[in-house]
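Chemist: Take this structure, written in structure tokens, and hold onto it; I'll ask about it next.
Derivation of every value follows stated rules applied to the coordinates shown; laboratory data play no part. Just so you know, these numbers come straight off a predicted model, no measurement behind them. Neighbour counts run over all protein chains shown; Cβ positions are idealised from the backbone, glycine included.
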Amino acid sequence: MSQTVADGTRAGAVEAPPAPASNRRWWILAIIGIAQLMVVLDATIVNIALPSAQADLGFSDGNRQWIVTAYSLAFASLLLLGGRIADLFGRKPAFLIGVAGFAAASVLGGAATSFGMLVTARALQGVFGALLAPAALSLLNTTFTDAKERAKAFSVYGAIAGAGGAVGLLLGGVLTDTLDWRWTLFVNLVFAVVAFAGGWVLLGNHRDAAGSKLDLPGTLLVSSGLFSLVYGFSNAETHDWSSPATWGFLAAGVVLLAAFVRRQSVAEHPLLPMRVLLDRNRAASFITVLITGAGMFGVFLFLTYYLQLNLGFSPTKTGVAFLPMMAALMVMAQVSTTVLVPRIGPKAVIPAGFALAALGMAWLTGIGIGSSFSTAVLPQLLLIGAGLGMVMPPAMSLATSGIAPEDAGVASATVNTMQQVGGSIGTALLNTLAASAATNYLSGKDATDKLVQARSTIESYTTAFWWSAGFFVAGAVIAFLLYRRGKLEQDPDAAPVVHM
């Protein structure tokens, strides 16, 4: 599935060492998958435990959001730096330090005795996650270079990235119900021990950008810009769009990121080389991941509310309810990356996946107060899962396909950044739109009537679902316009990717 590398390097420039034995490659995939699952599910696993943690530690409703925001702020703002560190100093040490640091931060959070201690732990999780996530994806990119094997590997990785949020909801519900909220953090030790031991034994180390230097001004610009952007959207969710802290940080984020792009075009050792962004299919994939991150929020958050508050599901049962969607996503991830995209190309497959997901979200707006899960939710979840399985894995594969070895880490970091920023945008927009819909519904009605209140919450959920469907429709149009026509061809003159 790879194309000519973006910087035009040709064969003969680098002698690629032999690929790892096939069995070893698949064991490496398992280790990378476990580490990635740990990072992805932490975006949602703590959410279910928040009410229990709040009651235990005694913090306010206003402070509760910071348990989520601290993680996303640190994670999003440091991803590009983490990716470049992996390129400069080696993917294996970046991976191992990321895993160990994430585990230590999780233990700190699980042992928290105060709000401040828990917030600090969540921020540290974000810091080490920003080192781990791009290292994991770049390791996958440099381990699997055969087109067919790469397709299979990315179908697994993309399924984890797409379904990890649902896994977090399920695991968070089970642990909170059967043990204690602290185990939603302690459980990371299990993942970390396996990932660290496997990484230590299986991974080799290679520094493809060892001759480069870290662009410190660029690092400061992009980190502060992403921080401002994510904080602005988070503030819009908890306060208001007219708040100076909202539009001020959003404006600052845009200015800082514009300055970062300007800096990268003239820097001798850019943090994010423009060649990474200028490939048409890769740029389309970055936008695809951004839109998917924004639209998926509507499924996980608002449907969780509906299942628990309206249908009376327990946290564990709510998590189980998402399993069919995860299964559909995993099946279509395999089909799309190994069969559809290689044969007909991304221009047909990814827009079709977006269209299926949009149809499922629009269908989901038919929920009511007394709806049945089996008829009003389950079929829709299957359709959404199938659609996302046709979008996320191929887009993640194409975003790093054909990339020059020295850019693998930062390209992988860009994928993760797009997903994280997309999630922040979705969180802010959908929460705001849902709240406005509920308020408008109650206008002129008896707000003390329980039936009216229940209908207003349904109105807020369906509004969020309609907007998520709109995101996916926009994604279908943009993907269709941007992706190149036809199936992907292996360029015989492309430089070989250097293995670890």
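Chemist: Run the simple label-point estimate for ASP446 and ASP177 please: 7 Å along Cα→C-beta, distance reported in nm.
Modeler: Between ASP446 and ASP177, the simple spin-label model gives 3.6 nm.
Chemist: When all C-alpha to C-alpha distances in segment 209-366 are sorted into bins of 5 Å, what percent of pairs does each bin hold, rounded to whole numbers?
Modeler: For segment 209-366, the pair-distance distribution reads 2, 7, 10, 13, 14, 13, 14, 14, 8, 3, 1, 0.
Chemist: Now for a separate question. Averaging over every viewing direction, what projected area does the convex hull of the Cα atoms of segment 24-153 cover, in nm²?
Modeler: The Cα convex hull of segment 24-153, projected and averaged over all directions, gives 8.3 nm².
Chemist: Over segment 179-338, what is the relative contact order in percent, taking alpha-carbon pairs closer than 8 angstrom and at least six residues apart?
Modeler: Once divided by the residue count of segment 179-338, the mean separation gives 16 percent.
Chemist: Relative contact order for the chain: what percent, with Cα pairs under 8 Å and sequence separation of 6 or more?
Modeler: Here the relative contact order equals 27 percent.
Chemist: For the chain, list log₁₀ I(q)/I(0) at each q in 0.05, 0.08, 0.09 Å⁻¹, using the Debye formula over Cα point scatterers of equal strength and ignoring solvent, two decimals each.
Modeler: Log-scaled intensity ratios, in q order: -0.17, -0.45, -0.58.
Chemist: In addition: Within the chain, what's the longest stretch lacking trypsin sites (Lys or Arg not before Pro) that sit in DSSP loops with no more than 13 other Cβ atoms inside 10 Å?
Modeler: The segment 214-444 is the longest one with no such site.
Chemist: May I ask you to evaluate 6.51 cos²θ - 1.76 cosθ + 1.60, the Karplus curve with θ = phi - 60°, for each residue of segment 311-318 and list the ³J(HN,Hα) values in order in whole Hz, giving x for glycine and proline?
Modeler: Each residue of segment 311-318 in turn: 9, x, 6, 6, x, 5, 5, 5 Hz.
Chemist: Sticking with this structure for a sec: Longest span of the chain, sites excluded, free of GluC sites (Glu not before Pro) in DSSP loop with at most 16 other C-beta atoms within 10 Å?
Modeler: Looking at the chain, 16-267 is the longest stretch - no exposed GluC sites (Glu not before Pro) with at most 16 other Cβ atoms within 10 Å.
Chemist: Something else now. Put one equal scatterer on each alpha carbon of segment 215-270, apply the Debye formula with no solvent term, and list log10 I(q)/I(0) at q = 0.13 1/Å to two decimals.
Modeler: -0.34
Chemist: Using only the Cα atoms, work out Rg/Rh for segment 80-211, with Rh taken as the Kirkwood radius, to two decimals.
Modeler: On the Cα set of segment 80-211, Rg over Rh gives 1.01.
Chemist: What is the Cα centroid distance between segment 304-348 and segment 213-242, reported in whole angstrom?
Modeler: 31
Chemist: Using Cα pairs under 8 angstrom and six or more residues apart, how large is the relative contact order of segment 215-270, in percent?
Modeler: 45
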